[in-house]
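Everything below concerns the one structure shown next.
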Amino acid sequence: MFEKVLIANRGEVALRIHRACREMGIKTVAVHSEADATAMHVRLADEAVCIGPSRSSESYLNKSAIISAALITGADAIHPGFGFLSEDADFAEMVEEHGIAFIGPKSEQMRLMGDKITARKVAEEAGLPVTPGSPQLESIEQAIEWANRIGYPVIIKATAGGGGKGMKIAFNDEEIKEAYTLARAEAKASFTSDVVYMEKYLQNPRHIEIQVLADSYGNVVHLGERDCSIQRNNQKVIEETPSPALNLQQRTEIGNIVQQAITKIGYTSAGTLEFLFEDGRFYFMEMNTRLQVEHPITEAVTGIDIVREQIRIASGATLGYTQDDITFNGHAIECRINAENPVTFAPCPGKITEWHAPGGLGVRVDSEIYSGYSIPPYYDSMIAKLIVSGKTRNACLMRLRRALEEFVIDGLQTTIPLHQSLISQAEFIDGQYNIHWLEKFLEKQNG
Ligand code: ADP
C-alpha cells in the first residue's frame, strides 16, 4: 500500500481524498495556489507545497510543478480528484513515467475514453447501446447528409468536449449550417481540437449514469445508477439514487450490460458510464474515467468508500468482492451548493461570516468551508455538497428539507434557497422530471 499520496486538487474533493487516506493510514501532501494558502485541505494535510499563483492555469493545471512537488515530498502516488487534470491522459502518462502511481485508470484508457468518437466506438463494440450518430464531420454538406440519414433533431458535439461546451442542436438543414460552424468554433476555443461529430438529439431524456469499480485482475462490479437529470446549462444540480424512472428489471439489465462491457474493455479503477434514457431505452453518451462529484450518493446506498477503492486498486489490490456482495439500501440525494446568486447564478465569492452545517442521522456535508474563510474568486463556485439518505425516497426528501432548513451560510449568497424551492415542486416530489425540467422551471419562475 502507498505511504504518501499527493492530492492534486483543491476544495471539498481534496478534503474528501485526504479523509480516505487518513483512514487508510496514508500520509497526505496538499498542493495549493497562492490564493489557497489558508484552505482547509492545506491545513489538514501532513505536508503542503505551494505550486504557483492563484490562476489555475499556473497552479492546479501546472503539471511539472505538481510532479516536482510529488518528487520533493517523496509521494508514491497522485490522486487527481475531479476537474483540473483528472482526465488529462498526458498528465497521467507523465506521472507514470516518473515512477509515481496515478490513482485512476491507465493513461491509454483515459485517452481512449477522452475522445467521444473513439469512446462511442469502443462502447458499441463492447455491447453498449449507443445514440445513433456520425463519424467525424468535415464539412457542412457532410453534416447535412448525416443529419438527414439520422433524422432531425440532431446535436453536434465536440469529440474532445466536456463541461457541456461545444454542443449545438439543429432541427433542420438551415439550422445545421450555424450549429456546425458554432460548435467547431466553440470546440476550438475550449479544447484546441475542433473535431466535431453528430448524434441524434433525444428530446426528453433523463440522464442516468452507472458507477463501476474494476481492479487490475479482471474483477468488475457496478454500484448501481445515479439520476442526474436536474441540470442547468448541462451542469448537474441535484442527483439521486436509485432513479425514480427505473424499475428493478431495467436497473438489473443495464447494470449487467455495463459490467460485461467494462470487463471486455479491460478498464481499471473507478469510472462512470453516462447514458441518456428515453422511452425505456438507454443510449451511451460518454465515460468519465475519474471520481464524480456525485459519488457520495452511491456510497450512501452501498456503504462502499469509492475513493478508498480507487486507492486500493491503484496500489494493486484486488476488489475482494463480487457483484453478489453488493447490496443497495434505501435512497440518497445530493444537492450541489454554490456560492452564487440563486436567481441570476452570478458567482458570489467573499468572506463566510457564519457557517453551520446540518447534521443528524443520514446527513453528510462535504465542504472545505469554515467560519471566517474567504472564498477566492478564481475557481468553481461549488462550496458544499449536501448528501442525505433515508430508507425510502419520501423519508429522504423529508430529511433533505430539514437539512436545508438547518444550513446556515452567512456573508454571501448561495443556491440553498433554489434547492428548497426545487424539492418542494410537485414534479420533483413525484420524480417526474427530465433533463429540461430545471431550465423550464427557471424560465417560468423568472417570467
Ligand atoms: P460533456 O462531456 O460536455 O458533459 P455530455 O456528452 O456528457 O457532455 O453531455 C452533457 C449533457 O448534454 C447531457 O447530460 C444532456 O443533458 C445533453 N446531451 C448530450 N448529448 C445529447 C443527445 N444526444 N440528446 C439530448 N441531449 C444530449
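Shape of the chain from its Cα gyration tensor (a ≥ b ≥ c, root eigenvalues): rounded if a/c is under 1.5, otherwise prolate when a/b > b/c, or oblate?
Rounded, since a/c falls under 1.5.
Applying a 10 Å radius around every beta-carbon, put 297-303, 420-426 in order of their mean neighbour count, most first.
297-303, 420-426
Distance from the Cα centre of the range 15-92 to that of the range 187-212, in angstrom?
29
Rounded, prolate or oblate: which fits the range 277-400 when a ≥ b ≥ c are the square roots of the eigenvalues of the alpha-carbon gyration tensor, with rounded for a/c under 1.5 and prolate only if a/b beats b/c? If you can, show how the numbers build up before the last one.
Values: a/c = 1.64, a/b = 1.54, b/c = 1.07.
Prolate shape, in that a/c is at least 1.5 and a/b is the bigger ratio.
Whose amide H sits under 5 Å from the amide H of Val130, counting only residues 5 or more places off or on another chain, with H placed in the peptide plane?
Residues meeting the criterion, in which the H sits 1.01 Å from N, are Phe284.
Return the Cα extents of the range 274-340 along principal axes one, two and three, sorted largest first, each rounded to a whole Å.
Result, largest extent first: 37, 36, 26 Å.
Would you mind checking Lys116/Lys188; Lys27/Lys116; Lys165/Lys264; Lys27/Lys106 for any pair whose Cα atoms are more than 25 angstrom apart?
Lys27/Lys116; Lys165/Lys264
Could you give P(r) for the range 150-262, binned at 5 Å from zero, as whole percent values over all Cα-Cα pairs?
In order of increasing distance, the bins hold 2, 11, 15, 15, 16, 17, 13, 8, 2, 1, 0 percent.
Each residue of the range 337-344 in turn: what ³J(HN,Hα) in whole Hz from Karplus with 6.51, -1.76, 1.60 and θ = phi - 60°, glycine and Pro shown as x?
Going residue by residue, I get 9, 10, 7, 8, 5, x, 9, 8 Hz, with x marking Gly and Pro.
Every read-out reported here was derived from the displayed coordinates using simple, explicitly stated rules and does not represent laboratory data. As the structure is a computational prediction, the values presented were derived from the model and not from experiment. Here Cβ is always computed from backbone atoms with ideal geometry, including for glycine, and neighbour counts include all displayed protein chains.
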